[in-house]
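Note sheet for the following structure.
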Amino acid sequence: MGNFESDDAGLWSRSLEGEGEAFRVLYARHRDRIFRHAYRLSGDRHDAEDIMATAFLELWRRRAKVRIVQGSVLPWLLVTTTNAARNSRRAALRYRRLLDSLPRADVIDGTGQDLNRTPRDVLDQDLARALGALNAEDVHLVSLVIFEEYTIAAAAAVLNLTPGAAKTRMHRARQRMKSALTGTQPAPISTTPVLEGERS
């Protein structure tokens with residue numbers, strides 16, 4: 001086994017040199033967080049497993065372009081997982097459109113509810129729907145700040161944003177998610193510039 005590095009940079013370097021055990025350690029180190037992130041985005045365990053597998057496949061396939069951030073490959077994996085989840089959602093929508101065009105009989109109870117859904121499924125779908133209201137860059141930002149507990153400044157560095165722009169985007173993303181969950185319209189965005197030190 002050997003004594004592996006506490007950060008990812010050394011493991012990644014050894015992986016690039018063809019050391020399979022180093023890549024296995026990276027996978028074992030990050031798979032649970034990547035799975036949770038994929039599950040939050042998809043709301044489905046099987047889809048999350050596929051998305052996680054895609055993210056790690058992309059990690060190796062695009063190894064020449066991978067960026068290590070603060071000694072970790074995790075931010076790159078999180079962004080890639082978000083992209084894979086969006087691609088999966090698009091494919092699922094195309095598939096759903098095809099299914100909807102076919103005649104079918106649903107199994108529902110007297111209230112019109114799907115009998116197979118649990119309260120957890122409803123919550124997971126609500127979260128996935130709220131995240132679906134955001135554009136790709138905002139999903140990356142929300143994922144890094146809220147779910148992975150990066151600071152705004154660290155998330156901004158990963159996404160090549162200024163901290164001020166990241167803070168503004170984060171505020172607007174929270175509003176859009178809240179609107180998606182409550183079914184209300186988000187408040188209009190003010191186009192009047194606010195000078196530093198002013199309060200709105």
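The values are calculated or read from the model by the stated rules, or taken from the named source; none is laboratory data. Predicted model, so just to flag it, every value in this text is computed and none were measured. In this analysis, Cβ positions are derived from the backbone assuming ideal geometry, glycine residues included, and neighbour counts consider all displayed protein chains.
A few points about this structure:
- R86 more than 22 Å from A155 (Cβ to Cβ), among the charged types (D, E, K, R) and out of contact with any His (no Cβ under 7 Å at 6 or more places or on another chain): no
- Every pair of residues 6+ apart whose Cβ atoms lie under 9 Å, when the first sits in region 89-100 and is part of a helix (DSSP H, G or I) while the second is of a type in the set (S, T, Y) and at pLDDT 70 or above: R89/S42; A92/S42
- One residue stands out in region 22-48 among those that are acidic (D, E) and surrounded by 15 or more Cβ atoms within 10 Å (Cβ to Cβ): the one that is modelled with the lowest pLDDT, namely D44.
- Residue count, region 157-173 (criterion: surrounded by 13 or more Cβ atoms within 10 Å (Cβ to Cβ) and free of Cβ contacts under 8 Å to residues at least 12 places away in the same chain): 3
- Any pair with Cβ under 7 angstrom, 6 or more apart, that starts in region 41-56 at a residue that is over 24 Å from R24 (Cβ atoms) and ends at one that is among the charged types (D, E, K, R): G43/D124
- Extreme residue, surrounded by the fewest Cβ atoms within 10 Å (Cβ to Cβ), among residues of region 8-21 that are assigned to a helix (DSSP H, G or I) and of a type outside the set (A, V, I, L, M): G20
- Test result for V69, hydrophobic (A, V, I, L, M, F, W, C), in contact with a Pro (Cβ under 9 Å, 6 or more places away or on another chain) and modelled with pLDDT under 95: yes
- Residues that are of a type outside the set (V, I, T) and under 19 Å from I146 (Cα atoms), drawn from region 61-83: Q70, S72, L74, P75, W76, L77, L78, N83
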